[in-house]
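Some notes on the structure that comes next.
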Amino acid sequence: MAEIRVRGGVGGLSVALDELEAAADGLGRVATEVGEVAVAVGLVGLDPRLQLAALTAPLEYLAVQRAVLTCVGPTGAAGLAVDVAATGVATRAAVRAYREGEQAVEALADGVATEVGRWVGRSVAPTVLGAAVAVAPVAAVVLSTPAGRDAAVAIGLGLGQEVDEILFDHPWLVPAAADGLDGLLIGLGEGLPALGVLLAWRSGAAGVPYPPRDQRDALGVVLAATRGVALDESGRSVTVSPRPSAAGRPPTGVADLVSNHGPTSGGSRVRVTGIQGPDGSWSWLVDVPGTQTFDPRAGDNPWDMTSNALLVAGRRPLIMQAVARALDDARRRAGDTSSASRVMLTGHSQGGLTAAALAADPTFRSRHRVTHVVTSGAPVAALAVPEGVSVLSLEHDEDLVPGLEGDDNPDRRDWVTVERSLADDLGADARSSQAHDNAAYVDTARQVDASDDPSVQAWREGAAPFVGSPLATTVTTDYDVVRR
C-alpha cells in the first residue's frame, strides 16, 4: 500500500517560509542591538576622563583605545552587526524571491492553460458543429429503434470506461482542462461567432463577466447560458425534515469521520452529531452527503450536478441553507445556545465541497463557531476558508474530482492536505472513478490516524474535542433534505 504524503500544516513549506521571515526580523533586531553596543563601546573611547588619563598614562591610554577599536571595528561588534543585518536582509530577499517566483510560475501556467483552451475551442467548434450536422440524420434513424438505442448506450458506456482509464493514468489532464475552461469558452465563441454573441448576451443578462477571466467566471458563463434549462434551481426551496434523535458514539479518528459507515455518517442524509463534554459544553459534527444524482436538471434531490456547479462557481446553493437549518435545529433540540460551541464540518466529494463552502461563508460562521473541516475527494482549493479554521483534506492523485478546481490546496499552518497514489494498489486497468471511491479514502484515513507526521499530529491535537473522547455522551439526528 502506497504511503501518504503530507503538505501544509505546521510542517508545511508556508510555515517554514513564515519562520524564515520571522527569523529575518529577529536578525534585524539583533543587528540593531549589537550596533547599539558597538556605539556604546565606541563612546567609551571619547570619554573626556579617558582623554585626561592620557596625560598621565599614555601607554595605558593607547592600549584602551586599541581595545575599543577592536570591539567596534570590522572584526568586532560593528562588523558583527553588519554581518547579522546582511544575513537578515538576504534571508528576507530569498523568501520574497521564492514567493514571487512561485506566483510567476502559477501565472504562467494559468496563461498557458487559458491559451491552450482558447485554441482548442476555436479549432474544434466548427469541426464539431459540422460533424453534428452530418451525423444528425443518421443518428436519428439509429436511435429510433430499440436495438439502435441499446447499441448507442453500449458504445457510450465503453467510451466512458476508456476515458475513465485514461484519466487514471494521466490525472493531470483534469486540472489542466479545468484551468483552461475560461479559454475554452472564449475559443468556442471565436470559432462560432453566433455562440459567442449568445454567451455574451446571456452572461450580461445574468450579471456575469464575459469574456471570462478565470475558471469561476467561466462557470458563471455556463450557468448563465443554461439558466432555465439545466443547472438552475432559481425559484426553488428546500425542506429539512428531522428523523428521531438517538444516542450514538463519538468518532475515534479520521477513518470514522470519512467512512460512509462511520458513526457520524448519515448516508444520503445530513447527520448532525452533538458531543457533550464533562463541563456541559457542546462540540458539533455535521456530515454532509455527496452527489446522489448526475441529472443536470434540478429535481427533488438537491445532492446533484446543479448544486455541484453552483458550489464550484462560488454560489450559495440550497443545500448550504439546508445544512445550516439542520445544525440550527439540532442545537435547539439540545438547548445549546453557546457561541463557544465548536463545529466540525465533514464530507466526501460534493459533501466536502459543501462543508468547505459553509466554512468559507461569513453568514454561516456568524451563527456557528466553525473550527474544523474534513474533506475527502473534494475540489476545495479555491474556497476562501479563513485562517483559524483547521482544514484536513484527503486527496488521491488519480481521483479526478479534487482536480476539478485546477489548483492545489493552500499550503498554510491550518490547512493540511494528505495525498496518496493508488496506481500500484489498483493495478494497470484501474479507473479514475475507483480512486474516488469512499472505501479507498477510508484506507487513506487509517494511514492518517497512524501517522506521526508533525502536521497530522498537530491537527489531531486540535481536533481532540471531536475525536479524542471515546466515552463522551453523544446525540445524533439525521435530516432528509428535499428540493421543492
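The values are calculated or read from the model by the stated rules, or taken from the named source; none is laboratory data. Because the structure is a prediction, the values reported are computed rather than measured. Ideal geometry is used to build each Cβ from the backbone, glycine not excepted, and the neighbour counts take in all protein chains shown.
Side notes on the structure shown:
- Inclusion of ALA86 among residues that are exposed (fewer than 14 other Cβ atoms within 10 Å of the Cβ) and among the hydrophobic types (A, V, I, L, M, F, W, C) is warranted.
- Failed criterion for VAL6 (all others in (1) within 41 Å of the chain's Cα centre (by Cα); (2) in a helix (DSSP H, G or I); (3) of a type in the set (A, V, I, L, M) hold): (2)
- Candidate set: region 307-323, residues that are surrounded by 22 or more Cβ atoms within 10 Å (Cβ to Cβ) and not aliphatic (A, V, I, L, M); chosen: the one nearest to VAL240 (Cα to Cα): PRO317
- Region 210-228, residues that are exposed (fewer than 13 other Cβ atoms within 10 Å of the Cβ) and either closer than 20 Å to ALA177 by Cβ or in contact (Cβ under 8 Å) with a residue 12 or more places away in the chain (or both): ARG213
- Test: residue in region 14-21 that is of a type outside the set (Asp, Glu) and at pLDDT 75 or above: no
- From the list THR417, THR477, the lone residue that is at pLDDT 95 or above, of a type in the set (S, T, N, Q), outside any helix (DSSP H, G or I) and over 21 Å from the mean Cα position of the chain (by Cα) is THR477.
- For region 293-317, a residue qualifies if it is at negative phi, assigned to a loop (DSSP other than H, G, I, E, B) and under 20 Å from the mean Cα position of the chain (by Cα), and the qualifying residues are ALA313, ARG315, ARG316, PRO317.
- Residue identified as assigned by TED's automatic domain parsing to the domain that holds VAL380, assigned to a loop (DSSP other than H, G, I, E, B) and of a type in the set (Val, Ile, Thr) among THR273, THR264: THR264
- Scope region 233-244; condition modelled with pLDDT of 95 or more, in a loop (DSSP other than H, G, I, E, B) and not basic (Lys, Arg); matching residues: GLU233, SER237, PRO244
- Looking only at region 324-346, and only at residues there that are within 23 Å of TRP415 (Cβ to Cβ) and hydroxyl-bearing (Ser, Thr, Tyr), the one that is surrounded by the fewest Cβ atoms within 10 Å (Cβ to Cβ): SER341
- The residues on offer are ALA81, ALA86, and the sole one that is within 30 Å of THR32 (Cα to Cα), in contact (Cβ under 8 Å) with a residue 24 or more places away in the chain and in the same structural domain as THR32 (by TED's automatic domain parsing) is ALA81.
- Of residues in region 170-217 being outside any helix (DSSP H, G or I) and under 30 Å from ALA430 (Cα atoms), the one farthest from the chain's Cα centre (by Cα): HIS170
- Only one of the listed residues (ASP452, ASP424) is surrounded by fewer than 17 Cβ atoms within 10 Å (Cβ to Cβ) and outside any loop (DSSP other than H, G, I, E, B). That residue is ASP424.
- Taking the numbered list (1) surrounded by 14 or more Cβ atoms within 10 Å (Cβ to Cβ); (2) modelled with pLDDT of 80 or more; (3) assigned to a helix (DSSP H, G or I) in turn, ALA125 passes all entries but (2).
- All positions within region 345-378 that are under 14 Å from THR291 (Cα atoms) and either at pLDDT below 95 or among the small types (Gly, Ala, Ser) (or both): GLY347, SER349, GLY351, GLY352, ALA355, SER376, GLY377, ALA378
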